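Written out below as structure tokens is the structure these notes cover.
The values are calculated or read from the model by the stated rules, or taken from the named source; none is laboratory data. As the structure is a prediction and not an experimental result, all values here were calculated from the model. Cβ atoms come from the backbone with ideal geometry, glycine included; neighbour counts cover every protein chain shown. With ligands, DNA and RNA removed, areas are computed over all heavy atoms of the protein, side chains included. Shrake-Rupley method; radii C 1.70, N 1.55, O 1.52, S 1.80 Å.
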Amino acid sequence: MEKAVIAFSVVVAVAFSIGLFMMLPTFLASLVELVTDSVLIRNLVDAVLRIAIFMTYLILVSRMKDIRRLFSYHGAEHKTIFCYERGLELTVENVRAQPKHHPRCGTSFLFVVIVVSILLSSIVFSFWHFTNPWLRTLVHLALLPVVVGLTWEINRYVGGHDNLLCRAIRRPGMGIQRWTTFEPDDSMIEVGIEALKQVLPEEKGKDQW
């Protein structure tokens, strides 16, 4: 029963994500065709809607009490990783002094996924003009593995380098973390430390980016 509940939850979560972040903006953007048949304008509206829905979702859920607590653990995770990467002893005092925004955060990854998806789909739809919103949604889903792969490589490179271009790419994601990462209390930091200890590689250097 527990496995069935978990499987059902995953299916619902995936369906909700596809519906909210892919299907909804695609269907709303299709209304643009009532005014103009410009592919450029439709793609632009689609892009703006995707970012607006994503940001609205993050801001709203961050105001929920339980989610805010979860995001405080998120802050503990970032602080702990910063402490480890700087070669400091993993103590509550050392971790507490670290920044709570991290350049390789999953929030930044999601934002870059949206941006890469917008750019890639704009290129595809400029060559193949799909007007049917269901077909456009299927194309978005088909492009998703490519989008995620490209985003992973971008995040990996940006997270391991510090230059003007990388800082510019990181900036939007770092800004978004103000809604997904909050200051943890000491008990949360202790959890972050223990969690990190469980995944540290035995061989030195295996965790380098």
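Worth pointing out:
- Modelled this way, with points 7 Å down the Cα-to-C-beta line, the labels at residue 168 and residue 144 are 3.1 nm from one another.
- Rounded to 10°, Cα long-axis angle of helix 65-85 versus longest principal axis of the chain: 60
- The listed residues 185, 46, 66, once ranked by accessible area (1.4 Å probe) with the largest placed first, stand as 66, 185, 46.
- About the centre of its Cα atoms, the chain shows a dipole size close to 400 debye [charges on the beta carbon of Lys, Arg (+1) and Asp, Glu (-1) only; nearest 20 debye].
- Stokes-Einstein D in µm²/s, Kirkwood radius over Cα pairs - the chain at 4 °C with 1.567 mPa s viscosity: 67
- Those trypsin sites (Lys or Arg not before Pro) in the stretch 113-180 that DSSP places in a loop and that have at most 14 other beta carbons within 10 Å: 178
- Label point distance in nm, residue 16-residue 127, each placed 7 Å from Cα along Cα→Cβ: 3.6
- Rg over Rh, two decimals, the stretch 134-173 (C-alpha only, Kirkwood Rh): 1.18
- Cα centroid of the stretch 129-146 to Cα centroid of the stretch 171-200, whole Å: 35
- Note on residue 119 and residue 8: with the Förster distance fixed at 41 Å, the Cβ-Cβ geometry gives a FRET efficiency of about 0.75.
- MRE, 222 nm, helices only [DSSP H, n ≥ 4, -39500 (n - 2.57), over the chain, to nearest 500]: -24000 deg cm²/dmol
- Extent along the principal axes, Cα only, for the stretch 96-209: 53, 32, 30 Å, with the longest axis given first.
- For the pair residue 51 and residue 207, label points projected 7 Å from Cα toward Cβ lie 3.5 nm apart.
- When a 1.4 Å probe is rolled over the protein heavy atoms, the share of accessible surface on the chain that falls to carbon and sulfur comes to 67 percent.
- Taking Cα atoms only, the orientation of helix 164-176 departs from the longest principal axis of the chain by about 90 degrees.
- Cβ-derived FRET efficiency at R0 45 Å, residue 89 paired with residue 37, nearest 0.05: 0.10
- Of the GluC sites (Glu not before Pro) found in the stretch 107-209, the ones in coil according to DSSP and having at most 11 other Cβ atoms within 10 Å of their Cβ are 202, 203.
- Accessible surface for the stretch 79-167, divided over its residues, is 56 Å² per residue with a 1.4 Å probe.
- Karplus-derived 3J(HN,Hα), 6.51/-1.76/1.60, for each residue of the stretch 187-200, Hz, glycine and proline x: 5, 5, 5, 4, 5, x, 5, 5, 5, 5, 4, 6, 10, 5
- Per residue accessible area in Å² of the stretch 1-65, where ligands, DNA and RNA are left out and the probe is 1.4 Å: 67
- On Cα atoms only, tilt of 133-160 relative to the major axis of the chain in degrees: 30
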